1. Put 64, 1 in order of accessible area, largest first, 1.4 Å probe: what do you get?
2. If all Cα-Cα distances of region 132-230 are sorted into 5 Å bins from 0 onward, what percent lands in each bin, rounded to whole numbers?
3. Under a point-charge model restricted to the Cβ atoms of Lys and Arg (+1) and Asp and Glu (-1), what is the dipole moment magnitude of the chain relative to its Cα centre, in debye to the nearest 20?
4. Using a 1.4 angstrom probe, figure out how much accessible area region 3-55 has per residue, in square angstrom, rounded to the nearest whole.
5. Please express the Cα-Cα pair-distance distribution P(r) of the chain as a list of whole percents, one per 10 Å bin, running from 0 to the bin with the greatest distance.
6. Dipole of region 74-145, Cα-centred, from +1 at each Lys and Arg C-beta and -1 at each Asp and Glu C-beta, to the nearest 20 debye?
7. With unit charges on the beta carbon (Lys/Arg positive, Asp/Glu negative), name the residue among 219, 128, 197 whose Cα is farthest towards the positive pole of the charge dipole of the chain.
8. How large is the Rg to Rh ratio of region 1-106 when both quantities use alpha carbon positions and Rh follows Kirkwood?
Amino acid sequence: MRLDRFLSNLPRFSRKDVRFALAGKRIKVDGQTVSDPLHEVREFSRVECDDEVLQLGKPARYFMLNKPTGCVSATIDPQHPTVLDLLNEPDKHDLHIAGRLDFNTTGLMLITNDGVWSRRLTQPQTKIAKTYYVETESVIGPEYVEKFAEGFYFAFEDLTTQPAELTVLGPRSARLSIVEGRYHQVKRMFGHFDNKVLRLHRESMGPLCLDPDLAPGAYRPLNAAEILAI
Ligand code: URA
């Protein structure tokens, strides 16, 4: 929300008070004096007037998890363990997953309470590449590379997938980079060739790579550089 709106929503400030407080350089957001009425205030922002705290700002939280097979990318599930069950953190209900993985897919999973940050990662428009290691039942033919680059028509969504980069690593293994995260996207792409995906592991999302020190099921908070990289 804009700073002027945030302030005038507080019972103590009239619109005129807000203008004076901003012009008088009495407002600080996250420790910095701000006089721009359009400055964005989020639930994570600490807002002060003179030295009085108007909003404490809740901590923004970001985690990287190595998702094991056999757990669901959901916050609750009646039948199976969820990725959130693997976190030993308070207020887990506040967290969400940035880019789900299927039940048996493994690898990099990012979990946060910052919706703006997670949308940047997952929206197809931002074209952040997600890289997967893939193993398949049948041989991956040379014709695959061109088809992945050209795109696949998904009738259900009535769209053609954006160009994807397939690097064939062996007869039945490849590395795939895609910029979207459509439902079962990788399996459906290989499904076009009637080739079943047997193993799927997400290695990276944009500049964030799965930490090799994280065993399946383990997690750690992101560091400041990783958070800012998105
Ligand atoms: N594509 C899939 O088919 N499954 C995943 O888990 C991720 C991408």
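1. Values: 64 0, 1 95 Å².
So the residues, ranked largest to smallest area, are 1, 64.
2. Final binned percentages: 2, 11, 22, 21, 17, 12, 9, 5, 1.
3. Values: 30 positive and 31 negative charges, 105 e Å.
Around 500 debye, computed over the chain.
4. Values: 3360 Å² over 53 residues.
That works out to 63 Å² per residue.
5. 7, 27, 26, 19, 12, 7, 2, 0
6. Values: 6 positive and 10 negative charges, 78 e Å.
That gives a dipole near 380 debye.
7. Ranked along the dipole, the leading option is 128.
8. Values: Rg = 20.1 Å, Rh = 16.6 Å.
With Rh from the inverse mean 1/r over Cα pairs, Rg/Rh is 1.21.
The values are calculated or read from the model by the stated rules, or taken from the named source; none is laboratory data. What you see is a predicted model, and the numbers here were worked out from it, not measured in a lab. Because the Cβ atoms are built from the backbone with ideal geometry, glycine has one as well, and the counts that use them run over all protein chains shown. Calculation scope for accessible area: heavy atoms of the full protein, side chains included, ligands and nucleic acids excluded. Shrake-Rupley method; radii C 1.70, N 1.55, O 1.52, S 1.80 Å.
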